[in-house]
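The values are calculated or read from the model by the stated rules, or taken from the named source; none is laboratory data. Everything numeric in this text was worked out from a predicted model, so none of it was measured. When we count neighbours, we look across all protein chains shown, and the Cβ atoms used for this are built from the backbone with ideal geometry, even at glycine. What goes into the accessible areas is simple: the full protein's heavy atoms, side chains included, and nothing from ligands, DNA or RNA. Shrake-Rupley method; radii C 1.70, N 1.55, O 1.52, S 1.80 Å.
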Protein chains: 2
Amino acid sequence: MTRPRIKDVARLAGVSEKTVSNVINDYTHVSERTRRAVRDAIEQLGYKVNLAGRHLRQGRTGIIALVVPELDVPYFAELARHVIREAEKRSLTVLIHDTGADRDHELAALTGFGSSFVDGVILSPLALTPDDLRDRADAPPTVLIGELLEEGADHVAIDNEKAAREATEHLLSLGRRSILVIGGRDEAGLGTAEARTRGYLAALREAGVDHDPAALLPVRSFGMPDGAEAVNRVLGEGGRPDALLCLNDQLALGALRALYEHGIRVPEEVAVIGFDDVEAGRFSVPTLSTVAPDKAAIARVAVELLQRRMDEVAGPTPADASAPGPRSPQDLVVAHRLVLRESTEGAGARSAACRPTTA
Amino acid sequence: MTRPRIKDVARLAGVSEKTVSNVINDYTHVSERTRRAVRDAIEQLGYKVNLAGRHLRQGRTGIIALVVPELDVPYFAELARHVIREAEKRSLTVLIHDTGADRDHELAALTGFGSSFVDGVILSPLALTPDDLRDRADAPPTVLIGELLEEGADHVAIDNEKAAREATEHLLSLGRRSILVIGGRDEAGLGTAEARTRGYLAALREAGVDHDPAALLPVRSFGMPDGAEAVNRVLGEGGRPDALLCLNDQLALGALRALYEHGIRVPEEVAVIGFDDVEAGRFSVPTLSTVAPDKAAIARVAVELLQRRMDEVAGPTPADASAPGPRSPQDLVVAHRLVLRESTEGAGARSAACRPTTA
DNA sequence: CAGCCAATGTACATCGATGTAAAAACAAGC
DNA sequence: GCTTGTTTTTACATCGATGTACATTGGCTG
């Protein structure tokens, strides 16, 4: 038995194919009687619309892609869930893609995977250059999250510079003066790491604390091994920091482990703070202070923005015709907050940490 | 400017549309001259095949779905990467879906998301019942991973019973006799938790150690909060285990944290072992002993099996016509190994743990 | 009850790629 | 040169849903 087609439904309900289509799509002018008859027929045959046909006709798939560098970085996985939930509200399906931080894969994502079967793309780039972004001719609507590569693209993120400044200020307020930045980068630039580094420098400057260029520890990647390695390197060279500003939680968790192996107490000797507020940081020993981005908001805003772009492409409805052409690129900022746990505050709040909010 | 169609390519190359299609699909009988001409035209126009058209015509999308309960459980995220990589080799695209452990979502996945636009599904069920699986009429080819719900379905997993027995035997060999199973379930059944519980019981029996039914600690879900909560409950009731067999690493990491909060040393007082070998367990304090499934193999075998099923659906080629109809359901077992770290072995291997294999 | 408007319903073309069947081109053999 | 057989290429129908344009129906007014 082959799947029922709209034709079969039409025959059973005794109406034309178009009428069935009208019922399916909630077209206004269908009498209640016909509507019910069609619904019954659909029910009886177990009819499901065939996406291929609809897609071909409408030029839309209802699928958006979420493209991240590494899905096994918890931050991206958590973000993905929010995006999925947000998209579901708009009856969009999310295709998650993992580029392995590879430029070619990111490029492929930008062009809609060679053949446009996604209506839009939410991209968290890592390896792309601004140039890559500039000359995308027939790319689907795209929203960037995290890294801002170019001023001309839609973008959603927290205020990284401000967040880093706040985190650094907190470390300074604890009396720490020798603060290393794991993942820090000196160059001016649009990247997240650069913005956070700027925030760190600003806080130091404001507090009148000297900046040692060697305090910026570059990392190859942003995983736990890299965090541990950076700490090992510093300590091996005789460095004696009293605080670590880690540019994400993975680095921080790796750093915590390395400090433990060196017998260094956290936070008594070294305070540690990260970025992202991943779940593991609520259960690590010690628990991890962190900059918590509002992930739900990032997802919501990104999907909203993307949807608006997709609607633009679909052609403005007569009502919108007065709109001033394509909106200019948006750069939206969502909230973040500093979450203080044991890695900066001591073990005073120990037991409380064990019952984290699951939101 | 609208995207070029096959028609445009045909016109430019001075051939028919079908010939262009033949070139694209590497059809045998096309002269070298025409082939080159068509290739040039494609290049010149920047033509990309339109999936919608192809899909409608062929009934295949080249998309398979990977459906997991919770993407932010690192095990699933890590598995997802392997599946993506494996699918890529076969030029399949992976649509990752997160059901939130919700039965309705899992059901929707089974039926190809209401409208078949996926050619096949790899499903890691949690909330489904065997019945759900049985009466799927027009479902796409499906391979289960992890939970085995029903004997009649294709399935890939490690030998959970054996793995749990080995883990338990190891704890026993350390002289531990009061071993709790976090996430354990008494009922006989096909589920992963049940199989692992059986392995635990088998090891106890073989070692002549009595089993206390209260040693099986049920959990609501399999996250870090649940692991911590279980430990808190036990200790609060005055329990004094000397080992914990946690049915996944998330539970184990939560348990480690709770033990720490109670001032209980691991492994001196309580040894802990988990399942899954997630990256966080290589950096926790202490590092986590675990049963490491060969995730790459699970992914590879699952995709292979799924592909075979999809090919069957596509209709056997004349060559295969002799094949004895649809192959019977496969239940494939992949390798696992016991990885011993500080949570059972003491801190002897401390420094080594910090440079984990990144494989 | 004619006349008109709005509400419903229908036939048909269309989206883009590809399978089918058959025509056209070409080669080889007598 | 003509038949026969094989490549190569083409015209056309088809996959399933939906937009367009028009036909029909029913209700209401004067």
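Observations, loosely collected:
- Residue check for A:Glu150: open to solvent by 10 Å² or more (accessible area, probe 1.4 Å) and modelled with pLDDT of 90 or more: no
- In the condition set (1) in contact (Cβ under 8 Å) with a residue 12 or more places away in the chain; (2) farther than 20 Å from A:Gly53 by Cβ; (3) more than 8 Å from DNA strand C (Cβ to nearest atom); (4) open to solvent by 40 Å² or more (accessible area, probe 1.4 Å), B:Arg33 is compliant with all but (1).
- The lone exception for A:Ser91 - which of (1) at pLDDT 75 or above; (2) within 12 Å of chain B (Cβ to nearest Cβ); (3) surrounded by 20 or more Cβ atoms within 10 Å (Cβ to Cβ) it fails: (3)
- Among (1) more than 14 Å from every other protein chain (Cβ to nearest Cβ); (2) more than 20 Å from the chain's Cα centre (by Cα) - the single one B:Ala258 does not satisfy: (1)
- Screening B:Asp72 against (1) open to solvent by 40 Å² or more (accessible area, probe 1.4 Å); (2) out of contact with any helix residue (DSSP H, G or I) (no Cβ under 6 Å at 6 or more places or on another chain); (3) away from DNA strand C (no atom under 14 Å from the Cβ); (4) at the interface with chain A (Cβ under 8 Å from one of its Cβ atoms) leaves a single unmet condition, (2).
- Answer from A:Val231, A:Val278, A:Val219 - the residue that is within 11 Å of chain B (Cβ to nearest Cβ), β-branched (Val, Ile, Thr) and farther than 17 Å from A:Val339 by Cα: A:Val231
- Scope segment B:1-30; condition open to solvent by 40 Å² or more (accessible area, probe 1.4 Å), free of Cβ contacts under 8 Å to residues at least 12 places away in the same chain and either of a type in the set (D, E, K, R) or near DNA strand C (Cβ under 10 Å from one of its atoms) (or both); matching residues: B:Thr2, B:Lys7, B:Arg11, B:Ser16, B:Glu17, B:Lys18, B:Asn25, B:Asp26, B:Tyr27, B:His29
- Segment B:281-308 - residue that is in contact with a Ser or Thr (Cβ under 6 Å, 6 or more places away or on another chain) and within 14 Å of chain A (Cβ to nearest Cβ) and, of those, surrounded by the most Cβ atoms within 10 Å (Cβ to Cβ): B:Leu288
- Residue within segment B:89-111 that is in a helix (DSSP H, G or I), within 24 Å of A:Leu51 (Cβ to Cβ) and within 16 Å of DNA strand C (Cβ to nearest atom) present: no
- Residue within segment B:182-194 that is over 22 Å from B:Asp276 (Cα atoms) and at pLDDT 95 or above present: no
- Helices (runs of 4 or more DSSP H) within segment A:1-61 that include 3 or more residues more than 11 Å from DNA strand D (Cβ to nearest atom): A:6-13, A:32-45
- Of all the numbered requirements in (1) within 12 Å of DNA strand D (Cβ to nearest atom); (2) of a type outside the set (A, V, I, L, M, F, W, C); (3) surrounded by 19 or more Cβ atoms within 10 Å (Cβ to Cβ); (4) more than 10 Å from chain B (Cβ to nearest Cβ), A:Glu86 misses one, and that requirement is (1).
- Residue match in segment A:38-57 (condition: within 12 Å of DNA strand C (Cβ to nearest atom), free of Cβ contacts under 8 Å to residues at least 60 places away in the same chain and more than 20 Å from A:Arg3 (Cα to Cα)): no
- Subset of segment B:212-235 [closer than 12 Å to B:Arg185 by Cα and either touching a residue at least 12 places away in the same chain (Cβ under 8 Å) or of a type in the set (A, V, I, L, M, F, W, C) (or both)]: B:Pro213, B:Ala214, B:Ala215, B:Leu216, B:Leu217, B:Pro218, B:Val219
- In segment B:39-69, of all residues being over 30 Å from B:Ala101 (Cα atoms) and crowded, with 19+ Cβ neighbours inside 10 Å, the one that is farthest from the other protein chains (Cβ to nearest Cβ) corresponds to B:Ala41.
- Matching residues, segment A:278-290, being part of a strand (DSSP E or B) and touching a Leu at 6+ places or on another chain (Cβ under 6 Å): A:Ser289
- Only one entry in A:Ile122, A:Ile179 is at pLDDT 90 or above and closer than 29 Å to B:Asp72 by Cα, namely A:Ile122.
- Yes/no for B:Ile96 being open to solvent by less than 70 Å² (accessible area, probe 1.4 Å) and out of contact with any Ser or Thr (no Cβ under 8 Å at 6 or more places or on another chain): yes
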